[in-house]
Ligand SMILES: C[S@@+](CC[C@H](N)C(=O)[O-])C[C@H]1O[C@@H](n2cnc3c(N)ncnc32)[C@H](O)[C@@H]1O
């Protein structure tokens with residue numbers, strides 16, 4: 001999935017840093033997990049702990065990190081549904097097939113009340129049908145907990161491919177992109193079995209940190225004042241399916257409880273300092289941007305005050321260049337990868 005701040009292009013740099021510095025490490029904690037790309041990449045090498053404030057990230061984590069085997073859906077099989085994804089993909093629902101309010105259909109496809117054009121009518125109805133069917137199977141005890149999260153995660157992964165957006169759900173497009181008319185299709189995940197106990201959480205990092213202990217702590221917080229929830233609110237609502245009181249042109253869900261202090265200039269440094277101070281981990285790796293709310297110097301100070309100074313390291317990875325019209329380089333941006341040994 002396309003995600004603001006995804007570290008999919010930094011995986012090799014992180015791996016290199018771990019290989020050169022984290023002797024004897026057996027566990028890895030991805031405490032701002034987002035898409036789970038980083039946690040998934042390191043799952044074959046370490047016991048993984050993952051976490052994020054967003055529920056849809058948690059669902060992806062439960063499906064791909066905590067889960068070590070592809071669910072076999074044995075109870076559904078007994079009810080003649082051999083592959084629930086095939087069943088859900090092939091079913092063409094009508095409005096009468098839905099057991100409760102089709103929330104996505106009513107709120108994110110245009111009607112006489114609003115012109116929110118996030119989905120085609122067919123896809124919106126299908127999303128509601130799939131989400132309600134998963135809930136029904138859970139209530140009827142036809143799926144186990146891991147199967148429940150796996151199915152929601154398959155839906156979450158599939159939704160962006162048929163969404164009428166320019167990258168995030170912050171706004172829908174005014175014209176219809178042809179992507180929106182493709183039929184939504186759920187696909188199976190490849191599940192890595194690392195034979196270890198992996199654990200996923202849906203908590204504030206600064207609360208969770210006091211409950212954890214391990215070898216490598218990977219910290220990839222938001223780096224600017226853009227909160228994540230408004231950019232992914234539709235995915236969060238599909239994930240929770242909790243009929244929120246939405247508001248405004250884009251049908252935003254209230255998000256006070258998932259507002260991140262890491263996105264607030266006056267709060268971020270204190271929050272980051274507490275996180276590092278409370279971290280009961282041997283090695284700390286921090287991803288950040290040279291454009292971030294905290295400066296390179298501020299991060300360096302927090303790390304060196306709480307870790308073994310001689311082990312401190314900073315790798316700067318250029319990722320974009322802005323140029324004047326004449327071609328002269330104005331300034332370049334860097335992805336930062338900080339490292340320190342904590343104890
Ligand atoms: C830069 S993104 C992480 C991207 C991730 N490494 C990836 O590759 O997909 C930051 C993440 O931190 C989460 N977040 C923000 N504040 C948080 C907090 N206080 N506790 C836990 N997660 C938080 C956001 O929801 C977002 O998913």
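The values are calculated or read from the model by the stated rules, or taken from the named source; none is laboratory data. Keep in mind that what you see is a predicted model, and the values were worked out from it rather than measured. Glycine gets a Cβ as well: all are built from the backbone with ideal geometry, and neighbour counts include every protein chain shown.
A few notes on this one:
- Spans of helices (runs of 4 or more DSSP H) in segment 1-70 with at least 2 residues near the ligand (Cβ under 9 Å from one of its atoms) and closer than 21 Å to residue 193 by Cα: 37-42
- The set of residues from segment 238-249 being part of a loop (DSSP other than H, G, I, E, B) and surrounded by fewer than 16 Cβ atoms within 10 Å (Cβ to Cβ) comprises 242, 243, 245, 248, 249.
- Listed conditions (1) closer than 20 Å to residue 39 by Cα; (2) in a loop (DSSP other than H, G, I, E, B) are all met by residue 283, apart from (2).
- Some residue of segment 220-228 being outside any loop (DSSP other than H, G, I, E, B) and crowded, with 17+ Cβ neighbours inside 10 Å: no
- Selected residue (criterion: farthest from the ligand (Cβ to nearest atom)) from residues of segment 254-279 that are out of contact with any helix residue (DSSP H, G or I) (no Cβ under 8 Å at 6 or more places or on another chain) and in contact (Cβ under 8 Å) with a residue 40 or more places away in the chain: 265
- For residue 198, the criteria (1) on the phi > 0 side of the Ramachandran plot; (2) crowded, with 20+ Cβ neighbours inside 10 Å hold in every case but one, which is (1).
- Number of residues in segment 199-209 that are in contact with a helix residue (DSSP H, G or I) (Cβ under 7 Å, 6 or more places away or on another chain) and either modelled with pLDDT under 95 or under 16 Å from residue 53 (Cβ atoms) (or both) equals 6.
- Residue check, residue 188 more than 16 Å from the ligand (Cβ to nearest atom) and without any contact (Cβ under 8 Å) to a residue 12 or more places away in the chain: no
- Of the residues 163, 120, the single one that is assigned by TED's automatic domain parsing to the domain that holds residue 251 and more than 23 Å from the chain's Cα centre (by Cα) is 120.
- When each of 208, 217, 186, 235 is tested for being in a loop (DSSP other than H, G, I, E, B) and surrounded by 15 or more Cβ atoms within 10 Å (Cβ to Cβ), the lone residue that passes is 186.
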